Amino acid sequence: MSTAALVGPATAEKGETAKPPRNSAWRIRLIQVVSVAVAIGLWQLLTANNVRLWLRFDVLPTVTDIVAEFGRQFQKNQYFVDIAQSLIRILTGFGLAAVIGVIAGIGLGRSGLLAAIFGPLTELARPIPAIALVPVAILLFPSDESGIVFITFTASLFPVLVSTRHAVRALPTIWEDALRTLGASRTDVLVRVVFPGILPGVFSGLSVGMGVAWICLISAEMISGRLGIGYRTWQAYTIVDYPAVFVGMITIGILGFCTSGIVELAGRRITRWLPREVSN
């Protein structure tokens, strides 16, 4: 007996049928594309004409300069090596944080003893910015690579853990009571009620964690990295190669957008049995 069954067939049907009209979806995508195109056109207009108002657009590269730099970067193997290195780091750190964060969040949410032991430590460590742990990572780990993965892991751990813990505590007790009356074991409750019921909260934490992980990864690569998009972007800044700086920034944005989109898409697919409200 799963959470989808407990919420009732009427709710499940609503979740399946409440989809936005196809025309509305295409209209939204068109607006998104137009907004990006307008922003790019405005950037080209301001930089190509050396506009200097309160902001100094005359010192920034034009869109055509950045596109030309992209063409040069695509011809270098180093660009793709840096992308691969950053992706390996983000997937390793984020993957570990996702597994450990969900398990720890469930434990803290369901066990008063675990919450009493580890709850205060969690709340004390959570406000510390992960990037502030760079000196600790340098001293603690034998290699820069391990330290960068550790910082990425720490950055994404707490959003996942806290969201999971809150989702567990927010579950209606009637779901668990219903299974208990049918003779379900603790494992049955975890598998059939707790885990399906917390999935929306878990994926909210994963989405936030992915964004924070990219921020801290790039910062760590700039400080102590030897490879990666963050390291290469900082190197371009030190030699005053501004088109390459913007290539790095745009690459970071695209990678972050794609990885966050994958997490959100997975969340929608896995929780598609949930009811969804559609605005008219």
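Read-outs throughout are calculated quantities, based only on the coordinates presented, and are distinct from any laboratory measurement. All of these numbers come straight from a predicted model, not from anything done at the bench. Heads up, the Cβs are rebuilt from the backbone with ideal geometry, glycines too, and the neighbour counts pull from every protein chain shown.
What dipole magnitude, in Debye to the nearest 20, does the chain give about its Cα centre under +1 on Lys/Arg Cβ and -1 on Asp/Glu Cβ?
Here the chain has a charge dipole of around 600 debye.
Helix-only mean residue ellipticity at 222 nm, the chain, DSSP H runs n ≥ 4 weighted -39,500 (n - 2.57), per residue, nearest 500. What is it? Walk me through the numbers before you get to the answer.
Values: 13 runs with 216 residues, N = 280.
The per-residue figure over the chain is -26000 deg cm²/dmol.
Mind checking which of Ala184, Ala155, Ala244 has the largest fluctuation in a GNM of the chain, springs on alpha carbons under 10 Å?
So, out of Ala184, Ala155, Ala244, the one fluctuating most is Ala184.
Helix 242-270 sits at what angle to the longest principal axis of the chain, using alpha carbons and giving 0 to 90 degrees rounded to 10?
That helix lies at roughly 20 degrees to the long axis.
Just name one of Val191, Ile151, Tyr79: the one whose Cα is farthest towards the positive end of the charge dipole of region 77-270 (beta-carbon charges, Lys/Arg +1, Asp/Glu -1).
Projecting each Cα onto the dipole axis, the largest value belongs to Val191.
Which one is right for this structure if Rg and Dmax of the Cα atoms in Å is calculated from it: (i) 23.1, 75; (ii) 19.8, 69; (iii) 18.2, 55?
Evaluating Rg and Dmax of the Cα atoms in Å on these atoms matches (i).
How far, in degrees from 0 to 90, does helix 77-110 lean away from the longest principal axis of the Cα atoms of the chain, to the nearest 10?
Relative to the chain, helix 77-110 is tipped by roughly 20 degrees.
Would you give the gap between the C-alpha center of region 32-48 and the C-alpha center of region 72-107, rounded to a whole Å?
30
With unit charges on the beta carbons (Lys and Arg positive, Asp and Glu negative) and the dipole taken about the Cα centre of region 77-270, which residue among Ile131, Thr92, Leu114 sits farthest to the positive side?
Leu114
If you average the alpha carbon positions of region 115-173 and of region 227-255, how far apart do those two centres end up, in angstrom?
27
With everything on Cα atoms, drop me the angle between helix 112-125 and the longest principal axis of the chain, reported from 0 to 90° to the nearest 10.
The angle comes out at about 10 degrees.
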